[in-house]
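I have placed the structure first, in the form of structure tokens, so that the comments after it can refer back to it.
The values are calculated or read from the model by the stated rules, or taken from the named source; none is laboratory data. These numbers were taken from a predicted model, which means no experiment stands behind them. We place every Cβ from the backbone using ideal geometry, glycine too, and count neighbours over all the protein chains shown.
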Amino acid sequence: MDDIDRLLDRVAVLRGRTAVSDLPGGLTNRNLLVDTPSARYVVRLSSPSGGLLAIDRECEFRNTVLAAETVGAPVIEYLPGEGVLVIGFIEGTTLTEHDLLDESLLPRVAAACRRLHSGPRFVNDFDMFDIQGRYLNVVLERGFRLPPRYREFEPKVARMRAALAARPVPTVPCNNDLLAGNFIDTGSEVRLIDYEYSGNNDPYFELGNAWSESTLPLGHLELLVTAYDGQPSPEHLARARLLALMSKYGWTLWAAIQTSVSDIDFDFWSWGMQKYDRAVEEFDGPDFERLLDVASGSG
């Protein structure tokens, strides 16, 4: 706490703090809730292992500032090089995976994504095909554990990328990591937090990843895509499903890296294997070829 207090004292608005407590969640950083007589703030203390995970803290800071114009929290202070980002606290309910099972929430989630996607472009790009390749190089070069059959699916990944490229959509500013806990329901709207992996990306990665991260039923993805588009779109639904598959395949290696480098008390390997097992089921499943055809416009 002495080291944390010294960091907090570097931020003017936090010097008169009355309470500091840990916020639950977060598998890369430590997040603190800091109370002062006039306001509440959230302080993110970043992990030094972010570089291996393709995290750029300067981009995170700048994108968080941009996201605050639409759905994010206001940025109060940033200490570059010291892993400290201070944002305003959003009063509301942090959603859970169970909450997102409620179909009535999905149009509000889609509306939050549309607001972010319609806002100012971010300062960097995010492409899970590129990120997954970067993660794989880290795992192979450092001798980290690789799930069984992992590289067997590389030809199918190449076909997925080609199918999506056949009918590209414009990239938009995306959060790219919409776990349930990154949705805050204020009562009047849904806000989005945590821009650690943010970047301009395919909007249907955002929807597919959000659906996948909360392990929602397939029908929920169709409802989410329909609410986002304003009408049903089999092509965009197939696109979202393929990008959700790619997210599981890529985040599996994120977990493999964290298993080897993180000092957080969490079973990253089991967490990643849950994603990987679902990815394998989809790679081997009967819908894979059809999704390629629909997404590419050839079926």
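Quick notes on this structure:
- Across the stretch 158-211, the number of residues qualifying as under 23 Å from S296 (Cβ atoms), touching a Lys or Arg at 6+ places or on another chain (Cβ under 8 Å), surrounded by 21 or more Cβ atoms within 10 Å (Cβ to Cβ) and touching a residue at least 40 places away in the same chain (Cβ under 8 Å) comes to 2.
- Matching strands (runs of 3 or more DSSP E) fully within the stretch 148-232 where at least 2 residues are among the hydrophobic types (A, V, I, L, M, F, W, C), in the same structural domain as A110 (by TED's automatic domain parsing) and touching a strand residue (DSSP E or B) at 6+ places or on another chain (Cβ under 7 Å): 172-174, 183-185, 190-192
- Within the stretch 75-92, the set of residues being free of Cβ contacts under 8 Å to residues at least 60 places away in the same chain and surrounded by 15 or more Cβ atoms within 10 Å (Cβ to Cβ) comprises V75, Y78, G83, L85, G88, F89.
- Top-ranked residue in the stretch 33-52 [being polar (S, T, N, Q) and buried (at least 16 other Cβ atoms within 10 Å of the Cβ); ranked as modelled with the highest pLDDT]: S46
- Failed criterion for I55 (all others in (1) under 21 Å from G181 (Cα atoms); (2) surrounded by 18 or more Cβ atoms within 10 Å (Cβ to Cβ) hold): (2)
- Matching entry among V75, V86, V71, V109 (being under 18 Å from W211 (Cα atoms) and touching a strand residue (DSSP E or B) at 6+ places or on another chain (Cβ under 8 Å)): V109
- Tally, over the stretch 16-66, of residues that are more than 16 Å from Q258 (Cα to Cα), among the hydroxyl-bearing types (S, T, Y) and assigned to a loop (DSSP other than H, G, I, E, B): 3
- Any chance R115 is under 23 Å from V42 (Cβ atoms) and not assigned by TED's automatic domain parsing to the domain that holds R10: yes
- Entry remark, the stretch 89-114: residues being over 15 Å from N182 (Cα atoms) and of a type outside the set (A, V, I, L, M, F, W, C) number 5 in total.
- When restricted to residues that are surrounded by 14 or more Cβ atoms within 10 Å (Cβ to Cβ), part of a helix (DSSP H, G or I) and of a type outside the set (V, I, T), the stretch 135-147 contains 2.
- Test: residue in the stretch 114-131 that is within 19 Å of Q274 (Cα to Cα), part of a helix (DSSP H, G or I), modelled with pLDDT of 95 or more and touching a Leu at 6+ places or on another chain (Cβ under 8 Å): yes
- V13 surrounded by 14 or more Cβ atoms within 10 Å (Cβ to Cβ) and assigned to a helix (DSSP H, G or I): yes
- For the stretch 93-133, taking the residues that are under 22 Å from F283 (Cα atoms) and surrounded by fewer than 16 Cβ atoms within 10 Å (Cβ to Cβ), the one that is farthest from the chain's Cα centre (by Cα) is identified as G133.
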